[in-house]
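Novice: Okay, handing you the structure first.
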Amino acid sequence: MISMNVTNSRCMNRVWKIFLYLGMAACAGQLAAGQPYDRIERRNFWNSGSNINGLRTDSVTVSFAQLQGSCASGGFRDSYMASEEWRAEAVAKTIVHLKKFSMKGAFSFENFSGKDMCGSMSGRPGYYPVDVLEFTPGDKSRQTYHFDGGITSDLGTSWRVGGRISLTSENYTKRKDLRHTDYLLDLAVAPGIMFHSGDISVGANYIFRKSSETITAEVLGISSGSYYAFLDKGLMYGIYDIWDSQGTHLKETGVSGFPAKEISHGAAVQIQWKQLYAEAEYVRSEGDMGEKQSIWFRFPSDAVTLRAGYAAGKGDIMHYIRIEAVWKDRKNFESIMESETVDGVTVTTVYGQNRILRQESAEIVPEYEIIAPGWEFRTGASLDFLQEQSSQVYPYVFYRKTFAAEGFVSGMARVGKFDIRGRLSFRQGSFAESDDCADTEISLPEKPFRMKDLNDMHMEYLTAPRMEAGLSLRFNFLNGLYAEIYGTYVRGFGIEFLPGTDRWGTGVILGYDF
């Protein structure tokens, strides 16, 4: 049974008219990437890591720029997603090789608009171990700026040095009570070095990253009702209260909004012998929420990433095998503190901290690809494992194990001046929850509050069986100019808690390869 309101119906009618006129089905995934640039970037395994010096193991200069507009609608969505969304984006990317050095750069701007949105106030729901949710549906808008650049230069005949920088800035705003704004800034820097001799290349690089995000909320004018917020401390257990209470931390003396930041340091090493490539990366992160004396949460984490690739083939036909494995262990500690305001001065005393959450995850992503002059084919899978333990209130402990698997096939065929690209995937998962209570002689306190309805929606969105399928069509004009139309369709099965079983999308692109 598909649940749909009037707004969704209008968008669906527009989508269906486009699909009927073009005779296309829809597809999920990155159908819109510039093909010449995309091929050149993917064929060099070093580009999947953070060491920019591997850019010079290739020698092809390529660039593209494009404008894109898209919309999506439907009921197969998580609680924080829009019933109807519109996006406009401008992207430019380049790889340039000169005699002694090479450069890589990218810039993009995206404007997003979504209707009937509530849930997470964060610009990246699920990124931090604590999230703030609100419950008054309204329109949201988001502007995202992204810059990525790097340069590598030869030192003599065997050494290369270089560095890479990436910067993302975003603001996310809701224009209906409870009104809120989220400011996000993410900076990453990775200087590195490489030694190469004959068929062997060895590299190493340092990784620094600083990510910050601040949520501010307010109610404008006179309201006859009260607005509530939910502070999710893990597994959808937390505090449900009026938005400006001490429990939600959105409006607290001495703190500006709900600030969060994370600082990461790490290193990676790479080795390539002929067409075989391997990389290992380790990153240690320290994050916290709050500011000055009032640090409510601290969340350290460790992450290890392994990548490997192999290329084979002769002439114009090449085969690629890639695999990536990521393991991450993150904990969240809540401070035990007391704040007292005397004569306008707030003094906070910290008595200690409790570990209220632990998350351990693993992801394995294998992929095979074959590329030929007029066509290409890719297939792969993703296996995701997540174990979580929440212990906000002693002596209660809650556990959850989640598993999800996805497989996909995609391909492109060139027919005259047309490129036809399609993708088909299927995803299914499962989860199991349990709880425990430690032996204690004290009287049992009340269990922590759980936002059960939103938890049911979120877990169903993550694990429900679904099919994603579709098509894109690109027409290549002269001198690298192209125009493209594409669509997306997702069908969920056995849906019980989500607003519907389907989600549609469509988009148009105008671009230039050079």
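Novice: Quick one: would you say Y320 is open to solvent by less than 40 Å² (accessible area, probe 1.4 Å) and touching a residue at least 24 places away in the same chain (Cβ under 8 Å)?
Specialist: yes
Novice: On to the next question. Report, ordered by the first and then the second residue, all pairs with beta carbons closer than 9 Å, sequence separation of six or more or different chains, a first member in the stretch 431-455 that is within 10 Å of V393 (Cβ to Cβ), and a second member that is part of a loop (DSSP other than H, G, I, E, B) and open to solvent by less than 100 Å² (accessible area, probe 1.4 Å).
Specialist: Matching pairs, first to second residue: L444/P395; P445/V393; P445/P395; E446/V393; K447/V393; P448/K233; P448/Q392; P448/V393.
Novice: Under the condition of being closer than 28 Å to L444 by Cβ and open to solvent by 30 Å² or more (accessible area, probe 1.4 Å), which residue from the stretch 365-390 is nearest to the chain's Cα centre (by Cα)?
Specialist: Taking the candidates together, the pick is Q387.
Novice: Could you list, in sequence order, the residues of the stretch 439-467 that are aliphatic (A, V, I, L, M), open to solvent by 30 Å² or more (accessible area, probe 1.4 Å), over 12 Å from R77 (Cα atoms) and within 24 Å of the chain's Cα centre (by Cα)?
Specialist: Across the stretch 439-467, the qualifying residue is only M467.
Novice: Considering only the stretch 97-106, how many residues are open to solvent by 50 Å² or more (accessible area, probe 1.4 Å) and in a strand (DSSP E or B)?
Specialist: 2
Novice: Checking the conditions here, which among S212, S256 is loosely packed, with under 15 Cβ neighbours inside 10 Å, at negative phi and of a type in the set (S, T, N, Q)?
Specialist: S256
Novice: Still on this structure: Against the condition in a strand (DSSP E or B), within 30 Å of A280 (Cα to Cα) and of a type in the set (V, I, T), how does V347 come out, does it pass?
Specialist: No, not satisfied.
Novice: Please verify whether the stretch 193-202 includes one or more residues that are under 30 Å from V283 (Cβ atoms), in contact with a strand residue (DSSP E or B) (Cβ under 6 Å, 6 or more places away or on another chain), open to solvent by less than 50 Å² (accessible area, probe 1.4 Å) and at pLDDT 95 or above.
Specialist: Yes - at least one qualifying residue is present in the stretch 193-202.
Novice: Checking the condition assigned to a strand (DSSP E or B), of a type in the set (V, I, T), open to solvent by less than 60 Å² (accessible area, probe 1.4 Å) and at pLDDT below 95, which residue from T94, T136 passes?
Specialist: Within the list T94, T136, the selection yields T136.
Novice: What about R87, is it under 25 Å from F408 (Cβ atoms), part of a strand (DSSP E or B) and among the basic types (K, R)?
Specialist: yes
Novice: Same structure, new question: With the condition kept exactly as written, say whether any residue in the stretch 419-428 is under 12 Å from D384 (Cα atoms) and without any contact (Cβ under 8 Å) to a residue 40 or more places away in the chain.
Specialist: yes
Novice: Here is a further query. Got a number for residues in the stretch 455-505 being assigned to a helix (DSSP H, G or I) and under 20 Å from G374 (Cα atoms)?
Specialist: Total satisfying the criteria: 3.
Novice: Any residue that is among the acidic types (D, E), surrounded by 19 or more Cβ atoms within 10 Å (Cβ to Cβ) and either outside any loop (DSSP other than H, G, I, E, B) or modelled with pLDDT of 95 or more (or both) - is there at least one of those in the stretch 107-129?
Specialist: Within the stretch 107-129 (the criterion being among the acidic types (D, E), surrounded by 19 or more Cβ atoms within 10 Å (Cβ to Cβ) and either outside any loop (DSSP other than H, G, I, E, B) or modelled with pLDDT of 95 or more (or both)), the answer is no, since none of the residues qualifies.
Novice: I want to confirm something. Restricting to the stretch 173-188 and keeping residues that are within 19 Å of the chain's Cα centre (by Cα) and among the aliphatic types (A, V, I, L, M), which single residue is most open to solvent (accessible area, probe 1.4 Å)?
Specialist: Among residues in the stretch 173-188 that are within 19 Å of the chain's Cα centre (by Cα) and among the aliphatic types (A, V, I, L, M), the one most open to solvent (accessible area, probe 1.4 Å) is L185.
Novice: With the requirement that a residue be closer than 28 Å to G234 by Cα and among the acidic types (D, E), what does the stretch 119-168 give you?
Specialist: Correct list: D131, E134, D139.
Novice: Just name the residue that is most open to solvent (accessible area, probe 1.4 Å) out of those in the stretch 327-356 that are under 32 Å from the mean Cα position of the chain (by Cα) and over 18 Å from F297 (Cα atoms).
Specialist: W327
Novice: From (1) without any contact (Cβ under 8 Å) to a residue 12 or more places away in the chain; (2) surrounded by 14 or more Cβ atoms within 10 Å (Cβ to Cβ); (3) among the hydroxyl-bearing types (S, T, Y), pick out the condition that doesn't hold for T157.
Specialist: Only one criterion is unmet by T157, namely (2).
Novice: Could you check the stretch 226-254 and list, in sequence order, the residues that are touching a residue at least 40 places away in the same chain (Cβ under 8 Å) and assigned to a loop (DSSP other than H, G, I, E, B)?
Specialist: Selection gives Y227, K233, G234, L235, M236, W243, T248, H249, L250, T253, G254.
The values are calculated or read from the model by the stated rules, or taken from the named source; none is laboratory data. Just so we're clear, the structure is a prediction, and the values are computed from it rather than from any experiment. Don't worry about glycine lacking a Cβ; one is built from the backbone with ideal geometry, like all the others, and counts go over all protein chains shown. We work out accessible area using only protein heavy atoms, side chains counted, and drop any ligands, DNA or RNA first. Shrake-Rupley method; radii C 1.70, N 1.55, O 1.52, S 1.80 Å.
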